[in-house]
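Accompanying notes for the structure given below.
The values are calculated or read from the model by the stated rules, or taken from the named source; none is laboratory data. Because the structure is a prediction, the values reported are computed rather than measured. Virtual Cβ from ideal backbone geometry, glycine too; neighbours counted across all protein chains shown. The protein model used for the area step is the full one, side chains on, heavy atoms only, and it has no ligands, DNA or RNA in it. Shrake-Rupley method; radii C 1.70, N 1.55, O 1.52, S 1.80 Å.
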Amino acid sequence: MKNKVYIETYGCQMNLADSEIVGSILNKAGYAITRDIDEADFILINTCAIRDNAEQRIRKRLRELRALQRARSTLKIGILGCMAERLQKQLMEEEDNVSFIVGPDAYRNLPQMLARTREGERLAETLLSETETYADIEPVRYDTNGITAYISIMRGCQNYCAYCVVPYTRGRERSRDPQTIVDEARSLFEKGYREVTLLGQNVNSYRWEAENGKLEAESGERKAESEADAASSNISHLTSHITVGFPDLMAMVAEVSPLLRVRFATSHPKDLSDELLQVMARYDNICKCIHLPVQSGSERMLKLMNRRYTPEWYLDRIDAIRRYLPTCSITTDVIAGFCTETEEDHQATLEMFRRVRYDYAYMFKFSMRPNTYAAKHLQDDVPDDVKTRRLEEIIALQGEIALENNQKEIGKTFEVLIEGVSHRSDQQLFGRNSQNKVIVFERGDLKPGQYAHVKVTRCTSATLIGEVVDNK
Ligand code: SAH
Ligand code: SF4
Ligand code: F3S
């Protein structure tokens with residue numbers, strides 16, 4: 001009988017995508033992926049290190065799993081992902097029920113490591129790579145709705161924002177061969193998927209240089225496109241190289257099918273180009289939603305965070321989005337209480353939220369991470385109760401803005417990709433519009449995977465409620 005592996009994933013979408021790669025690597029090596037933890041021979045926990053509470057949650061989970069291990073002495077537990085990379089052997093010393101630690105660039109070693117842990121060894125592999133992209137591995141979508149999927153297009157980050165642990169846990173930035181990305185999107189479409197999200201920590205710096213001819217030879221269809229399209233395409237034909245940037249890649253994926261929606265995350269404001277916005281405007285199936293993490297509205301804070309843009313630059317990018325893509329939704333990440341943040345800095349963040357009027361925001365309290373620039377050079381000097389109060393003020397303001405934005409959608413009709421049955425009632429379906437807003441409506445004879453036109457009749461700050469107006 002095959003050995004069974006149960007994978008539990010924490011953290012960002014990149015980790016979800018990585019778990020599917022891990023699933024694929026282990027599948028090929030003869031392991032079965034199970035969704036039932038009680039029948040697992042191995043439990044792999046793909047972890048996040050972004051904030052201290054993310055790590056505390058994993059520590060708690062490891063304590064809970066001890067009971068399972070007591071009941072089944074052969075059960076092995078492994079730690080994957082960013083916390084594995086950050087803590088390495090320390091984790092092995094502190095958590096004696098863990099058999100193996102594997103960093104994000106070492107997943108190809110998993111089959112061999114699992115085999116060795118069965119012999120009783122305890123192992124750690126945390127070497128980061130400058131080239132690993134797992135480009136040749138087709139992820140196993142073991143926990144899927146069959147309609148939406150993530151595609152990892154690059155790995156790593158070298159922006160070194162002062163607060164952030166990611167450059168240390170994920171290593172240098174590297175981009176994946178575009179042809180493998182397009183092939184993966186096409187294969188998903190053929191299996192019935194209708195939406196892909198291209199993932200990277202800073203997708204705007206995606207860049208692939210191919211030997212002359214390689215890419216052209218493999219994308220003959222693209223070459224046959226009309227003159228006008230070729231002129232507007234962004235692939236620069238240099239004498240010895242073809243460079244594929246992120247706008248090119250978006251166009252390539254969008255052309256897989258008009259019925260395949262394309263999303264992406266995340267954009268760093270310093271690199272968000274007009275060229276990308278133009279490509280987004282050109283394709284109806286590129287979703288009109290941009291996640292543009294602001295982090296702070298204060299110029300002084302942004303500088304201290306090493307974000308490399310000013311509030312003016314950020315607002316200029318917002319203006320450009322509104323100009324090229326008038327229906328586009330805009331979402332963000334923000335941190336309350338970064339080192340030395342004053343009341344005035346905080347007010348600047350609130351002002352930024354009032355100016356931009358985000359459709360959604362992920363809002364965090366600053367958490368000092370070991371080894372970052374902030375940990376080495378700055379003081380975590382904003383008291384916790386002040387951080388909490390500032391965060392609450394941002395959350396309250398954003399709640400009002402999101403509700404007002406949603407109220408403006410009442411009466412509008414959107415094309416919705418149906419993703420599943422509503423959690424509240426099996427008589428209702430839910431899906432998302434291009435702007436990534438969730439819309440709930442009566443089921444009728446529709447089913448997940450179809451597109452429907454839905455007119456919004458009511459809303460909350462988080463959800464639109466509507467009725468189907470015509471069935472495509
Ligand atoms: N690459 C993305 C974000 C990745 S991490 C980008 O640059 O936008 C997701 C979010 O977590 C960040 O945008 C930031 O808002 C938050 N974050 C990162 N480090 C943090 C820390 N030390 N404390 C609190 N929030 C943090
Ligand atoms: Fe972290 Fe900054 Fe890289 Fe985003 S861009 S992952 S916040 S270092
Ligand atoms: Fe967390 Fe690593 Fe993602 S630290 S947010 S899982 S890149």
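Points worth noting:
- Candidates in the range 27-61 are the residues that are within 12 Å of Tyr142 (Cα to Cα) and in contact with a strand residue (DSSP E or B) (Cβ under 7 Å, 6 or more places away or on another chain); of these, the one that is most open to solvent (accessible area, probe 1.4 Å) is Asn27.
- Residue match in the range 269-290 (condition: within 16 Å of ligand 3 (Cβ to nearest atom) and not small (Gly, Ala, Ser)): no
- Yes/no for Ile418 being open to solvent by less than 20 Å² (accessible area, probe 1.4 Å) and in a helix (DSSP H, G or I): no
- Exclusive hit being away from ligand 1 (no atom under 16 Å from the Cβ) and part of a strand (DSSP E or B), set Ala135, Ala124, Ala115: Ala124
- Hits in the range 439-463 (condition: open to solvent by less than 40 Å² (accessible area, probe 1.4 Å) and of a type in the set (Val, Ile, Thr)): Ile439, Val440, Val454, Val456, Thr463
- Thr388 being polar (S, T, N, Q), surrounded by 17 or more Cβ atoms within 10 Å (Cβ to Cβ) and either free of Cβ contacts under 8 Å to residues at least 24 places away in the same chain or away from ligand 3 (no atom under 16 Å from the Cβ) (or both): no
- Unique match (being within 16 Å of ligand 2 (Cβ to nearest atom), in a helix (DSSP H, G or I), not assigned by TED's automatic domain parsing to the domain that holds Asn204 and not polar (S, T, N, Q)) among Met83, Met92: Met83
- Residue in the range 62-80 that is in contact (Cβ under 8 Å) with a residue 60 or more places away in the chain and open to solvent by less than 50 Å² (accessible area, probe 1.4 Å) present: yes
- The range 251-281, subset under 15 Å from Ile151 (Cα atoms) and basic (Lys, Arg), residue surrounded by the most Cβ atoms within 10 Å (Cβ to Cβ): Arg261
- You will find that of Ser434, Ser461, the residue that is modelled with pLDDT under 95 and among the polar types (S, T, N, Q) is Ser461 and no other.
- Qualifying residues in the range 148-174 (those that are open to solvent by 20 Å² or more (accessible area, probe 1.4 Å) and not in a loop (DSSP other than H, G, I, E, B)) - the one farthest from ligand 2 (Cβ to nearest atom): Thr148
- Restricting the range 355-401 to residues that are of a type in the set (Val, Ile, Thr) and over 20 Å from Asn53 (Cβ atoms), the residue that is farthest from ligand 2 (Cβ to nearest atom): Ile401
- Candidate set: the range 131-158, residues that are farther than 16 Å from Glu20 by Cα and touching a Pro at 6+ places or on another chain (Cβ under 7 Å); chosen: the one farthest from ligand 3 (Cβ to nearest atom): Gln158
- Looking only at the range 135-147, and only at residues there that are of a type outside the set (Val, Ile, Thr) and open to solvent by less than 30 Å² (accessible area, probe 1.4 Å), the one that is farthest from ligand 2 (Cβ to nearest atom): Gly146
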